[in-house]
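All of the numbers you see were taken from the coordinates with simple rules; none came from a lab. Bear in mind the structure is a predicted one, so any value in this text is a computation, not a measurement. Every residue, glycine as well, gets a Cβ built from its backbone with ideal geometry; the counts of neighbours run over all protein chains shown.
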Amino acid sequence: MRITQGTFSFLPDLTDDQIKAQVAYCQGNGWAVNIEFTDDPHPRNTYWDMWGNPMFDLKDPAGVMYELAECRKVHGGRAYIRVSAFDASPGWESLRLSFITDRPKEEPGFTLERQEGDGRRINYTTRAYAADKPAGERY
Amino acid sequence: MPDTAAPPPPSIDLQAAFEASGVGPVLEGLDRELVGLRPVKRRIREVAALLLVDKLRRDLGLSAEQPTLHMSFTGNPGTGKTTVAARMADILHRLGYIRSNHLVSVTRDDLVGQYIGHTAPKTKEILKKAMGGVLFIDEAYYLYRPENERDYGQEAIEILLQVMENRRGDLVVVLAGYADRMERFFGSNPGFRSRIAHHIDFPDYDAGELMRIAELMLARQSYRLSPGARGAFERYLEARMTQPHFANARSVRNALDRARLRQAVRLFENRGRAITAEDLMTIEADEILASRVLGADAAPAPREAAA
């Protein structure tokens, strides 16, 4: 099951040139671009692992593409990687743009779990099949 | 062109391409605003010509490999290395060689860390910042400290060399420093020498050039030398050039800064009188002659002038 999250999520995955163009757009606006990765695909998992520090003060997408390539070397095909852009102009870093650049080769998807509570009340929750395995061995 | 039946090959208007590139005004500005430095200007022109021709070749579908443009600027203090490096970013940007017109100027402190594992991320951080533009490493020889074998400078050098080789299209590295020390630095890091295509030597200025530099500097700040001060400054330059620690244009700038200081004091002490714009702009001979450099032979001059 293909996970859709963030901007462009219903488009095919962006090519490197398209990623570069997006990053250039972000940097043109003065936003800091950050690379994150995770192997927990749950939609409520907002705390992805950071790949290095957010890249402040970069003028050119080449630096971000370099880090993305480094991140892919380690996590490519075994985790989700996303690129986020933060705008500091409101006085705090606020997210402006975020899109998934890389995903695991196979995405097993989610199971729907039902939990019977008091008075036959049912609680529903989703759980990723991948999350059955310990972190680091999921994909 | 010989008169043949075959259709003429598509002709290329080099002049139009030159004008379209917008590099002409930059080169003219270089000529106008930078005094002397003939070998430097010649090399910049050569680089500009090469890049322009390469661009035309690419447009025609001929192979044009990305040339290596890493440079080393060597020369004595105050010969304009940093100034030219800043211009270099502008020129290369206009020729479309680098993507953005920005210069990241660093020294050893910005590249080399203080403990194990600190250097690589620090150097990479700087390299990422410089990507798309020009990385200017001032006093590059400090990166290499042969007397301390556990110095982390070597690590920074290795990363730099790797990036200079693999990501030629992404950034241009300019190393700068004093000639003799740079020579020793290249001697102990042969990898650097071979990866740098352009070794540009910045010659010292002669007295006439220094005088023109002084006038340019003053004009930029809306000051001028009175005729007397001009003569005095020529004498000052002659005396200063023979002294130790003469730093070319930087010494000129310092001398002028001190002269401005003395001019301000003089105006302030005569504040009873009305002051015109002319007074505020003019530096008199006294202000130059009060310099310590002229102390020995020019000591009586101020008194003469006052009398």
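Along the axis of the charge dipole computed for chain A (Cβ charges of +1 for Lys and Arg, -1 for Asp and Glu, origin at the Cα centre), the listed residues A:L95, A:T125, A:N29 are led at the positive end by A:T125.
Within a straight-line Cα-Cα reach of under 28 Å, A:K105 can be paired with the following lysines, leaving aside sequence neighbours fewer than 8 residues apart in one chain: A:K20, A:K73, A:K133. Under Stokes-Einstein, with the Kirkwood radius over Cα pairs as Rh, the value for region B:220-281 at 10 °C and 1.306 mPa s is 121 µm²/s. With contacts taken as Cα pairs under 8 Å at a separation of at least 6 residues, region B:136-273 carries a relative contact order of 20 percent. Peptide B:96-103 has a mean shielding of 2, counted as Cβ atoms of other protein chains within 10 Å of each residue's Cβ. 3J(HN,Hα) along region B:282-289, derived from phi through the Karplus expression 6.51 cos²θ - 1.76 cosθ + 1.60 where θ = phi - 60°, amounts to 9, 9, 8, 4, 3, 5, 7, 5 Hz, with x in place of Gly and Pro. Pairs of Cα atoms in region A:84-138 fall into 5 Å distance bins, from 0 up to the last occupied one, in shares of 4, 13, 12, 12, 11, 14, 13, 12, 6, 2, 0 percent. Note that region B:99-115 has calculated 3J(HN,Hα) couplings of 7, 10, 8, 9, 10, 10, 9, 10, 10, 3, 4, 7, 9, 9, x, 9, 9 Hz, one per residue in order, obtained from phi through the Karplus relation 6.51 cos²θ - 1.76 cosθ + 1.60 (θ = phi - 60°); glycine and proline are x. The mean count of C-beta atoms from other chains within 10 Å of the C-beta of residues in B:122-129, rounded to a whole number, is 4. The distance from the alpha carbon centre of region B:42-93 to that of region B:251-277 is 42 Å, rounded to a whole number. A straight Cα-to-Cα reach below 13 Å connects B:K41 with the aspartates and glutamates B:E28, B:D31, B:E33, B:D201, residues fewer than 8 places away in its own chain not being considered. Stokes-Einstein at 4 °C, 1.567 mPa s, Kirkwood radius from Cα pairs: D for chain B in µm² s⁻¹? Stokes-Einstein gives a translational diffusion coefficient of 57 µm²/s. Net charge in the neighbourhood of B:I159 (other residues with Cβ under 10 Å of its Cβ; Lys, Arg +1, Asp, Glu -1) is 0.
Whole-Hz Karplus values for region A:55-71 come out as 8, 7, 6, 7, 9, 9, x, 4, x, 5, 5, 5, 5, 4, 5, 5, 5 Hz, taken residue by residue from phi with 6.51 cos²θ - 1.76 cosθ + 1.60 and θ = phi - 60°; glycine and proline positions read x. Ranked by the mean number of other Cβ atoms within 10 Å per residue, highest first, peptides B:123-130, A:33-40, B:109-116 order as B:123-130, A:33-40, B:109-116. Other residues lying with their Cβ under 11 Å from the Cβ of B:V35 contribute a combined charge of -1, Lys and Arg counting +1, Asp and Glu -1. If you take the alpha carbon atoms of the protein assembly as shown and fit the smallest convex hull around them, that volume is 271 Å³ per residue. For B:K122, the aspartates and glutamates whose Cα falls under 12 Å of its own Cα, not counting residues fewer than eight places away in the same chain, are B:D109, B:D110, B:E155. Simple rule: put +1 on each Lys or Arg Cβ and -1 on each Asp or Glu Cβ in region B:168-224, find the dipole, and look at B:L210, B:F185, B:S222; the Cα lying farthest toward the positive end is B:F185. Once the other residues with Cβ under 13 Å from the Cβ of A:S9 are scored (Lys, Arg +1; Asp, Glu -1), what is the net sum? Net of charged neighbours comes to +2.
For chain A, averaging the sequence separation of C-alpha pairs within contact (under 8 Å, six or more residues apart) and dividing by the residue count gives a relative contact order of 26 percent. Averaged over the residues of peptide B:170-178, the number of Cβ atoms from other protein chains lying within 10 Å of each residue's Cβ is 1.
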